[in-house]
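Heads up, the thing below is written out as structure tokens.
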Amino acid sequence: MFHVIKKEREFMNPEEFKEALQEKGIPLTEKQMNQFKQYLVLLQEWNEKINLTAITEEEEVYLKHFYDSILAGVYVDFNNGVQSLCDVGAGAGFPSIPLKIVFPKLSVTIVDSLNKRIQFLNTLATELELEDVHFYHDRAETFGQNKQFRESFDFVTARAVARMSVLSELCLPLVKKGGLFIALKASNSHAEMQEGERALSLLGGKVREDIICELPRDAGERHIILIDKKKETPKAYPRKPGTPNRKPL
């Protein structure tokens, strides 16, 4: 006799989203729930004009974008006074905008190389009445060499942007000494982390923990990699735009 194992649906409606976060110790107010609702509407509207995401159905967005982005807040304390977070290559605002909604005291800076995405984020911030959010149309390599921003952020996040050897060069120069680089990955091969070790060490980082967690609804494994900034990044990094990708450290 065969037993059919029924896979859970990879979806989450707004109420389930609220309940799942409550279980993780992150309660949401009515205002925050409304902000996420507006976020979804704007994401769907703008996605018809510019390619922001392949995931646009309400129940998929709540699980695979909103919930997924906020997971970092379960393992990192974003409530410790006013702290600064820089999101590199945030695209449609993930993970930083969901984190900003949930942790309103966060000062958020997003750098993205596509101006149309920056226009979307500006509209989003206005509609959601988000304060202390800043958007920059720039390459991460150039931004990381800007004295105004270099080694100035408590947190730097990147979600599925590049492999670790490349990602560390784009992100670690922006993290202040004593700060934290949070790399969010869908899956994480041991080989990739080994490959990125030299780059992390050279740029002043040290892996604190690789947190493996499962998304609800059997929607896949996630890795939240916490990297402490132990020493200042040498001035030569990041190198010129395109170089980290072509010639990883």
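The values are calculated or read from the model by the stated rules, or taken from the named source; none is laboratory data. This is a predicted model, so every value here is computed, not measured. Note that each Cβ is placed from the backbone with ideal geometry, even for glycine, and that neighbours are counted across all protein chains shown. Accessible surface is based on the protein model in full, side chains and every heavy atom, while ligands, DNA and RNA are left aside. Shrake-Rupley method; radii C 1.70, N 1.55, O 1.52, S 1.80 Å.
Look through region 78-119, keep the residues that are assigned to a helix (DSSP H, G or I) and farther than 18 Å from ALA160 by Cβ, and return whichever of them is most open to solvent (accessible area, probe 1.4 Å). Spell out how you get there, then give the answer.
Filtering region 78-119 for residues assigned to a helix (DSSP H, G or I) gives 96-102, 115-119.
Remaining after also requiring farther than 18 Å from ALA160 by Cβ: 100-102, 115-116, 118-119.
Values: LYS100: 10, ILE101: 4, VAL102: 15, ASN115: 66, LYS116: 112, ILE118: 10, GLN119: 89 Å².
Among residues in region 78-119 that are assigned to a helix (DSSP H, G or I) and farther than 18 Å from ALA160 by Cβ, the one most open to solvent (accessible area, probe 1.4 Å) is LYS116.
Out of the residues in region 33-64 meeting the condition of being over 17 Å from LYS116 (Cα atoms) and in contact (Cβ under 8 Å) with a residue 60 or more places away in the chain, tell me which one is most open to solvent (accessible area, probe 1.4 Å).
For region 33-64, the residue satisfying everything is GLN38.
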Filter region 216-244 down to residues that are in contact with a Leu (Cβ under 9 Å, 6 or more places away or on another chain) and either farther than 22 Å from GLU151 by Cβ or of a type in the set (Val, Ile, Thr) (or both), then give me how many there are. 10
How many of the residues in region 69-103 are touching a residue at least 12 places away in the same chain (Cβ under 8 Å) and more than 21 Å from HIS137 (Cα to Cα)? 16
Only one of (1) over 18 Å from the mean Cα position of the chain (by Cα); (2) modelled with pLDDT of 95 or more does not apply to GLU59, and that is (2)
Enumeration of residues in region 146-164 that are modelled with pLDDT of 95 or more and either crowded, with 17+ Cβ neighbours inside 10 Å or more than 19 Å from GLU232 (Cβ to Cβ) (or both): PHE149, ARG150, GLU151, PHE153, ASP154, PHE155, VAL156, THR157
Go through region 1-42 and give me each residue that's more than 27 Å from TYR75 (Cα to Cα) and either at pLDDT 95 or above or among the hydroxyl-bearing types (Ser, Thr, Tyr) (or both). VAL41, LEU42
Working carefully through the options LEU124, LEU172, LEU167, find the one that is modelled with pLDDT under 95, open to solvent by less than 40 Å² (accessible area, probe 1.4 Å) and either touching a Leu at 6+ places or on another chain (Cβ under 6 Å) or not aromatic (Phe, Trp, Tyr) (or both). LEU167
Just checking: which of the strands (runs of 3 or more DSSP E) contained wholly in region 128-196 hold 2 or more residues that are closer than 23 Å to TYR39 by Cα, of a type outside the set (D, E, K, R) and free of Cβ contacts under 8 Å to residues at least 40 places away in the same chain? 133-137
Are any of the residues in region 197-206 open to solvent by 60 Å² or more (accessible area, probe 1.4 Å), at pLDDT below 95, closer than 29 Å to PHE11 by Cβ and touching a strand residue (DSSP E or B) at 6+ places or on another chain (Cβ under 9 Å)? no
Condition check: open to solvent by less than 60 Å² (accessible area, probe 1.4 Å) and either among the acidic types (Asp, Glu) or at pLDDT 90 or above (or both). Does ILE227 satisfy that? yes
